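As structure tokens, the structure follows; a few thoughts come after it.
The values are calculated or read from the model by the stated rules, or taken from the named source; none is laboratory data. Predicted model only: the values in this text are computed from it and were never measured. Cβ: placed from backbone, ideal geometry, glycine included. Neighbour counts: every protein chain shown. Quick note on the areas: whole protein, heavy atoms, side chains included, nothing else; ligands and nucleic acids left out. Shrake-Rupley method; radii C 1.70, N 1.55, O 1.52, S 1.80 Å.
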Amino acid sequence: MSGLIAYPTFAMTPLPKPDVIITHESDLDGLLSGALLQRLAQHLFGTDIPLEAYHYNFWKQRDLRERSAWVADFTFEPRLDKPDWVIIDHHVTETTPKRALLIHDVNKSAGSLCYELCRQHGISSPALDRLVHLNNVADLFLDDDPDFVIATDYANLVKIYQFWNLRELTGGDIEKLLDHPLLEVMAVKRRIENPLGFEWSKANVAEIGPTVGFVDTVVGNNNLIVHQLLEQQATKYPVLVTLFRRGNAVFASFRSRNGEAIKVAEKFQGGGHANAAGALLPKSVRQIADGVEYLRQVLNPRKETQQARLNSLENLFAGIEAGQKK
């Protein structure tokens with residue numbers, strides 16, 4: 001399902017006052033969407049609405065207890081189809097809203113859709129115009145856009161310094177990210193680290209499954225490195241996955257060119273875009289090496305089962321042989 005989905009009189013329909021605003025924690029699109037929706041709520045209702053942010057796996061486990069909520073940058077699913085719930089998103093969905101208000105366009109970032117809402121209520125500025133454009137280029141990975149390189153630097157800010165840290169640095173004033181001094185760090189990392197990281201990663205791709213390769217990374221922007229590997233067809237795998245740790249958790253990031261990434265991520269209860277998706281691995285997975293093995297087990301169940309049977313037979317024969325020697 002694609003295109004804009006909304007009530008016919010959407011522009012004239014008052015938005016319900018939310019008990020909470022919920023957004024995606026993993027990227028710039030979620031950060032921008034949350035900031036814009038909070039500003040819109042303050043403008044409409046004269047009060048600060050709490051903001052919550054989640055990774056996909058935690059979001060799917062969250063109880064939807066609020067009477068009303070605004071949700072940005074999460075795929076619309078049946079459990080979100082609730083009265084006085086507003087969902088602003090751009091991921092592909094098969095669910096048709098019956099009770100909730102869904103604002104949806106797969107060709108725009110969630111931040112762009114949130115900004116359109118803001119503009120309808122008189123909230124706009126040249127700074128926001130610029131930031132929303134850069135976010136749209138980065139989140140949709142519009143690599144033919146003239147601003148693509150600088151846009152990826154903005155997106156990498158959230159990957160490196162994380163959602164809540166940047167939220168604190170800007171104090172909710174999202175425009176402060178424009179020309180932020182930390183962007184100089186991103187530019188230097190891109191120029192120096194990415195070429196080194198690409199060459200190293202190209203030589204360190206391990207098979208996870210017939211169509212999935214694990215890209216080991218040591219330095220550089222993982223997303224850009226993997227994108228370059230896919231564009232140059234430097235490996236035989238149509239889906240590439242990287243793993244990274246945050247706290248005690250291990251996350252998987254899947255990338256592809258022809259829509260395969262989301263299908264693999266869903267096997268791990270993850271989500272995202274067709275060619276850029278992610279998942280949180282189980283709590284028992286604490287190290288990257290453990291994550292690689294877990295990915296292999298899930299993506300190769302028959303192989304693992306057959307190997308387990310062979311191991312059991314080997315143990316059985318070893319036991320019989322040991323008994324005969326006694």
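Candidates in region 88-108 are the residues that are part of a loop (DSSP other than H, G, I, E, B) and of a type in the set (V, I, T); of these, the one that is surrounded by the fewest Cβ atoms within 10 Å (Cβ to Cβ) is T96. When residues in region 195-205 are screened for being surrounded by fewer than 18 Cβ atoms within 10 Å (Cβ to Cβ) and polar (S, T, N, Q), 1 of them pass.
For L177, the conditions (1) open to solvent by less than 20 Å² (accessible area, probe 1.4 Å); (2) more than 20 Å from A35 (Cα to Cα); (3) aliphatic (A, V, I, L, M) all hold with the exception of (2).
Quick grid of which residues meet (1) at pLDDT 55 or above; (2) outside any helix (DSSP H, G or I):
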residue	(1), (2)
V264	yes, no
A274	yes, yes
G278	yes, yes
S284	yes, yes
R296	yes, no
Q306	no, no
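Scanning region 117-166 for residues being more than 21 Å from the chain's Cα centre (by Cα) and open to solvent by less than 10 Å² (accessible area, probe 1.4 Å) gives a total of 3. Note on region 1-46: residues that are open to solvent by less than 70 Å² (accessible area, probe 1.4 Å), at pLDDT below 95 and hydroxyl-bearing (S, T, Y) total 2. Is it true that some residue in region 141-150 is aromatic (F, W, Y), within 12 Å of L28 (Cβ to Cβ) and not in a loop (DSSP other than H, G, I, E, B)? No, because not a single residue in region 141-150 is aromatic (F, W, Y), within 12 Å of L28 (Cβ to Cβ) and not in a loop (DSSP other than H, G, I, E, B). L64 satisfies every condition listed in (1) of a type outside the set (S, T, N, Q); (2) free of Cβ contacts under 8 Å to residues at least 24 places away in the same chain; (3) more than 14 Å from I87 (Cβ to Cβ); (4) in contact with a helix residue (DSSP H, G or I) (Cβ under 7 Å, 6 or more places away or on another chain) except (3). Residues that are open to solvent by less than 40 Å² (accessible area, probe 1.4 Å) and either closer than 22 Å to I150 by Cβ or not aromatic (F, W, Y) (or both) within region 206-218 comprise A206, I208, G209, V212, G213, V215, T217, listed in sequence order.
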